[in-house]
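These notes are about the structure you will find just below.
The values are calculated or read from the model by the stated rules, or taken from the named source; none is laboratory data. None of these values were measured; they are calculated from a predicted model. Backbone-built Cβ (ideal geometry, glycine too); neighbour counts: all protein chains shown. To get the accessible areas, we keep the full protein, side chains included, count just its heavy atoms, and leave off ligands, DNA and RNA. Shrake-Rupley method; radii C 1.70, N 1.55, O 1.52, S 1.80 Å.
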Amino acid sequence: MRRNVIIDCDPGHDDAIAIIVALANSEKLNVLGITTVAGNTTLDNATKNALRILEICGKDIPVSMGYSDPLLNKVQTAAFVHGESGMDGPELFEPQLKPTGKHAIEFLKETIENSLEKVTLIPLGPLTNIGVLLKTYPQLIEKIDVVSIMGGSIYGGNILPKAEFNIYQDPEAAKMVFESGVNIIMAPIEACNEGGIYFDESDKFVEGGKVSKFAYELFQYYGQYCKKNGWPYTVIYDMTAVICLLHPEYFESEPMRVTIETQGASTRGMTVCDFRGGAHIGKCEDPVTVLTHIKDRDKFVQVLFDSLKALDSQLS
């Protein structure tokens, strides 16, 4: 089955790799557009980065700008991870492609309404755009197949002790999404960590074509942060939310009740995953499909290797 998908993102090195994987697998994912949101970097930077990624990959897909801040606070970017541009490392250029001029909410609404098939949303950043969309236009839920989210955690966080960065940025918007009744797949940091790319693997990207070399430069910069943390690999979090749509058989998952904590000095943005089951908590309404484990790490990362080769081939 070929899915109609829209990617909502805040590029971000890992967003860039996730977009590359989606574009390379067009026989399964028909990317209708990209919407941008502030998160890893400012909205302007995120939008320019999305346009740059498309140009490097030789694609012309609509890009629409969304919200420049979370619903209740100012954005806190991750320049300490991704650099001031949000995508430091490669030599960045002024993109020739331009955003549509439509706000992301307008673009999402029109595109979902006009699609003959249900649309899959792939949010890779804070959920501001998606939360507002579902709260404002709940009638669209019946036309959305699933929302495949990179965000949240089962046990521990990466920005607070119990909160993951994307959900922490805008927990109010995340709460809107998780309480909307839409079908959700959640790729938490625990599953994402299992799909890390070892440094000797990403070093080989320099031997490839245009897209592989771009990926190499992304990994060289982003990998520095991972090395500082003592990790033996680079974790490409956002890629997990794409690969689970391409190959659900590569994952173990569990239906869970997931609630969003919007308060607490150590817990704001926490995804509270209740996997107890049983009669004592009653029937779990609208459970979230939470990815708990990557069954075969080699098959998982091979999707990236094959994607880079495919796009290199298309451009040669």
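Under a 1.4 Å probe, what is the accessible area of the chain per residue, stated in Å²?
I get 41 Å² per residue for this part.
Compute the Rg/Rh shape ratio of segment 1-84: radius of gyration over Kirkwood radius, all on alpha-carbon atoms.
Taking Rh as the inverse mean 1/r over Cα pairs, Rg/Rh reads 0.99.
Would you mind checking which residues have amide H under 5 Å from Ser64's amide H? H placed 1.01 Å from N; only 5 or more apart, or other chain.
Excluding prolines and chain starts, which carry no amide H, the hits are Ile34, Thr35, Thr36, Thr100.
Step through the residues of segment 59-67 one at a time and calculate ³J(HN,Hα) from phi using the Karplus curve (6.51 cos²θ - 1.76 cosθ + 1.60, θ = phi - 60°), rounding each to whole Hz and writing x for Gly and Pro.
After applying 6.51 cos²θ - 1.76 cosθ + 1.60, I find 10, 10, 10, x, 10, 10, 7, x, 8 Hz.
Within 10 Å, Cβ to Cβ, of Thr42, how many net charges do the neighbouring residues add up to if Lys/Arg are +1 and Asp/Glu are -1?
Surrounding charge for Thr42 is -3.
So what's the net charge close to Cys273: Lys and Arg +1, Asp and Glu -1, counting the other residues with Cβ under 13 Å from its Cβ?
For residues surrounding Cys273, the net value is -2.
Nearest 5 percent is fine: what portion of the DSSP beta bridges confined to the chain is antiparallel?
35
For Ile159 and Thr262 in one chain, what is 0.36 nm times their gap in residues minus the Cα-Cα distance, to one decimal in nm?
So the chain would gain 35.6 nm between Ile159 and Thr262.
Once label points are set 7 Å from the Cα along Cα→Cβ at both Asp274 and Ala79, what is their separation, rounded to one decimal in nm?
That separation, rounded to one decimal, is 4.1 nm.
Heavy atoms only, 1.4 Å probe, whole protein assembly: order Met270, Met1 by accessible area, highest first.
Ranked list, largest accessible area first: Met1, Met270.
For the pairs Lys109/Lys213; Lys48/Lys210; Lys109/Lys162, note any where the Cα-Cα span goes beyond 25 Å.
Beyond 25 Å: Lys109/Lys213; Lys109/Lys162.
For segment 305-316, what does the Karplus curve 6.51 cos²θ - 1.76 cosθ + 1.60, with θ = phi - 60°, yield as ³J(HN,Hα) per residue in whole Hz, taken in order and with x for Gly and Pro?
4, 5, 5, 4, 5, 5, 5, 4, 5, 5, 9, 7
Quick one: with all protein chains in place, what share of the accessible area of the chain is carbon or sulfur, to the nearest percent (1.4 Å probe)?
Taking all protein chains in place, the chain shows 49 percent carbon and sulfur surface.
Shape verdict for the chain, please, from the Cα gyration tensor: rounded (a/c under 1.5), prolate (a/b greater than b/c) or oblate.
Cα axes put the chain in the rounded bin.
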